[in-house]
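Here's the structure, in structure tokens; my notes come after.
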Amino acid sequence: MSVNPSHANYRPDIDGLRAIAVLSVVLFHGFPQLFKGGFIGVDVFFVLSGYLISRIIFEQLNQGTFNFLDFYARRIKRIFPALLIVLVAAYIAGWFTLLADEYGQLGQHIAAGAAFISNFVLWSEAGYFDNSAHTKPLLHLWSLGIEEQFYIVWPLLLWVASKLRVSLFALTLILTAVSLYLNITGIKSDAVATFYSPQTRVWELLVGSCLAWCSLYKKEGLANVAMWFGKWGTRDRTTVDQVRALARIANVLSCIGFILLLYGLIRINRDLQFPGKWALIPVMGTALIVAAGPLAWLNTKILSNRVLVWFGLISYPLYLWHWPLLSFAWVVEASPPSIATRIGLIALSITLAWLTYRLIERPIRFGKHGGLKVSLLVVSMFVLGGVGLKTFDERGFPFRQNVQLADALYTAEAHTIEANLVASYRNYVGGEPSQSSKPVVLIVGDSYNPNWSVGLSTVIDVKQYDIVSVSYLGCKVNITAEKITAIAREPKFEGYCKPFELWINDASVIRRLAAVMLVSYRPFEYDVNPFRFDVIRELKKKNNDFDVFVFGNYFQLDSEKYSSCEKLMYRTGREAEVCLEFADYPKKQTNQEGLLFYPHDLKFSYVDLIGLTCREDKTGCPTQAQGVPFISDSHHLNATFIAKLMRDIQTTQSIKLDALGLQKYLGYRSSP
């Protein structure tokens, strides 16, 4: 929230802190390689929000003047106007630029933003730093969701506690400690949940609440420290000495706070487990700066600077505007916007933020007809949320012209071919497992498994072999001598983990194993699911008489730059060859044996897809099959393409396949 500068308790240094917070976030989103720790600006906001809101609540509860209707009316007039404008602007921009799935997701995010539950929706989708984050124009609303959830629950909790004569400070301290504990312990088991969950982030706001209580009711605490400092530092115990000592302490606190913030901006990056213990750095830095008070030298000379105060006053609309602009630019250009474009968009977001503050925020927050304004704002937000839900339910309104243009490149017929082939996926292909005597080919892998299993099943000789296909996608796998267990990390992965555990331990399957085919994203590099080779090692202990094949990857897009081949095709107006052109993986001349997860102790054959198909410089490399592009996202091969690729390899490279020991497992079947 932004405090009215005319208010008696207004502190310009807090607006200066807001400026540092919002500019850190904006620069991180605009130039993530240069400002790697800028996202901690959100944590600064959390502390300031907790401090300012709690100070109001504590003071009014103490005076007996707290009123829920008045409190929430003020929050609505503060939060809703700018948010409504940005949500409407995003919806209009999305209509003309986004594909059906993107626009449907935007509708869902608008509804979530209107209901202030964006953190929960994004939590269910992926992490804040996931590969498709830059294509979510409303990603940044997760933090607003946490703040609003705090604003809803915290006043009610304090009001009840005050009625029961429970110590508000003790309550705040206990909740802060519990939330901090959940944050530090949870980051190791579920980093995404810890990032988005209000339970693991509320401690940051509560630190501000503790600070607010102390600033109101424990002012003498700092004065006592100053008295001690004065006794220790001088022989005279005059009031002047105490005042000087108090000023020194305030300056020390502010200086330490600034050092912590600067260290956090430099040291913290998205590769660390954040928030966790790392969040203590920006939180405590902010708390120390606020605790130092408005008269500390750095607070007066730097944070109260008119330029920073101005940015602080527009910090909320600036936070709302900057990310949708950058995100839509990324979507439209199908790649990271140029530096000049990003600079221009940041300048535009600052301009829009100022206009929003002057023409929308202030006129609505202040002046007459407050009750009418609140009613209209609530109704408008409710309607906009409904529009978002309708858009999501209608799957992004696929009748829009830009969707039709995209369909011309990846036709509905080609989509149907791929969908029908993928739907043929089975965990087991063959005779009754307990009665069949045929050898088994086991296809095992991560998210690559379903499409690869479908594609491989079109060329494996099912007259001679049964096929078992299992995926450990989303599974927590534990390997013991007795059993390999797979527990789903989330309910949506049960459909993979239960069959994986069933078939990987099946005695009949293990006894009849003839070959294991591993299909994995970057099998020797990917640090997720590092147990993949351990599974094979464990199977070898029970039956050492089977071949192992590790399938290499085909060309891939950099998912940090291009979230989807299909979208890249649409943005450029070209067919799938554009995805091959922009692909930058695999890197040339990679020493596979030097990679982290290369299994030196296992005997296996490496199936080099690119080497068997074309050349490393992409000459002669196929990019589609029956109108289906080789990939739809950034790296998962489509099943139709895998089937064609394997049949072509089988036809043209039989000698090499025989040398690998793979040819004997393949038959000659008609195309699907």
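Worth a mention:
- Test: residue in segment 633-640 that is in contact with a strand residue (DSSP E or B) (Cβ under 6 Å, 6 or more places away or on another chain) and over 15 Å from PHE555 (Cβ atoms): yes
- Pairs with Cβ under 9 Å, 6+ apart, first in segment 368-387 and open to solvent by 90 Å² or more (accessible area, probe 1.4 Å), second modelled with pLDDT of 95 or more and of a type in the set (A, V, I, L, M, F, W, C): PHE382/ALA114
- Residue check for VAL454: touching a residue at least 40 places away in the same chain (Cβ under 8 Å), of a type in the set (A, V, I, L, M) and assigned to a helix (DSSP H, G or I): yes
- Residues of segment 615-625 satisfying the condition of being at pLDDT below 95 and either open to solvent by 70 Å² or more (accessible area, probe 1.4 Å) or more than 22 Å from TYR410 (Cβ to Cβ) (or both): ARG615, GLU616, ASP617, THR619, GLY620
- Residue in segment 60-77 that is farther than 17 Å from GLY257 by Cβ and among the acidic types (Asp, Glu) present: yes
- Test: residue in segment 648-659 that is assigned to a strand (DSSP E or B) and open to solvent by less than 70 Å² (accessible area, probe 1.4 Å): no
- The residues in segment 92-138 that are assigned to a loop (DSSP other than H, G, I, E, B), at pLDDT 95 or above and surrounded by fewer than 22 Cβ atoms within 10 Å (Cβ to Cβ) can be counted, and the count is 2.
- Those helices (runs of 4 or more DSSP H) of segment 504-574 in which 3 or more residues are modelled with pLDDT of 90 or more occupy 507-511, 532-542.
- Residue satisfying all of: in segment 474-531; in contact with a Pro (Cβ under 7 Å, 6 or more places away or on another chain) and either of a type outside the set (D, E, K, R) or open to solvent by less than 20 Å² (accessible area, probe 1.4 Å) (or both); nearest to LEU660 (Cα to Cα) among these: ALA514
- Scanning segment 71-90 for residues that are in a loop (DSSP other than H, G, I, E, B), in contact (Cβ under 8 Å) with a residue 24 or more places away in the chain and touching a helix residue (DSSP H, G or I) at 6+ places or on another chain (Cβ under 7 Å) turns up nothing.
- Among the residues making up segment 258-268, those that are in a helix (DSSP H, G or I), open to solvent by less than 60 Å² (accessible area, probe 1.4 Å) and over 15 Å from LYS301 (Cα atoms) are LEU260, LEU261, GLY264, LEU265.
- Residue match in segment 390-411 (condition: surrounded by 19 or more Cβ atoms within 10 Å (Cβ to Cβ), in contact (Cβ under 8 Å) with a residue 24 or more places away in the chain, outside any helix (DSSP H, G or I) and in contact with a strand residue (DSSP E or B) (Cβ under 7 Å, 6 or more places away or on another chain)): yes
- Exactly one residue among THR356, THR351 is more than 27 Å from the chain's Cα centre (by Cα) and without any contact (Cβ under 8 Å) to a residue 40 or more places away in the chain, and that residue is THR351.
- Residue within segment 598-611 that is closer than 25 Å to ASP527 by Cβ, without any contact (Cβ under 8 Å) to a residue 12 or more places away in the chain, open to solvent by 40 Å² or more (accessible area, probe 1.4 Å) and part of a loop (DSSP other than H, G, I, E, B) present: yes
- On inspection, SER304 fails the criterion of being over 30 Å from LEU99 (Cβ atoms), touching a Lys or Arg at 6+ places or on another chain (Cβ under 6 Å) and either modelled with pLDDT of 95 or more or hydroxyl-bearing (Ser, Thr, Tyr) (or both).
- Any chance SER349 is of a type in the set (Ser, Thr, Tyr), buried (at least 19 other Cβ atoms within 10 Å of the Cβ) and assigned to a helix (DSSP H, G or I): yes
- Screening ILE289, ILE302 for residues that are open to solvent by 30 Å² or more (accessible area, probe 1.4 Å), under 30 Å from LYS218 (Cα atoms) and part of a helix (DSSP H, G or I) leaves exactly one candidate, ILE302.
- Taking every residue in segment 288-302 that is without any contact (Cβ under 8 Å) to a residue 24 or more places away in the chain and pairing it with any residue that is part of a helix (DSSP H, G or I) and open to solvent by less than 10 Å² (accessible area, probe 1.4 Å), at least 6 positions away or on another chain, yields no pair with a Cβ-Cβ distance below 7 Å.
- Considering each residue of segment 459-468 in turn, none proves to be polar (S, T, N, Q), modelled with pLDDT under 95 and either farther than 30 Å from GLY552 by Cβ or in a helix (DSSP H, G or I) (or both).
The values are calculated or read from the model by the stated rules, or taken from the named source; none is laboratory data. Not measured: the values here are computed from a predicted model. For neighbour counting, all protein chains shown are included, and Cβ atoms are generated from backbone atoms with ideal geometry for every residue, glycine included. Ligands, DNA and RNA are excluded from the accessible area calculation, which covers all protein heavy atoms including side chains. Shrake-Rupley method; radii C 1.70, N 1.55, O 1.52, S 1.80 Å.
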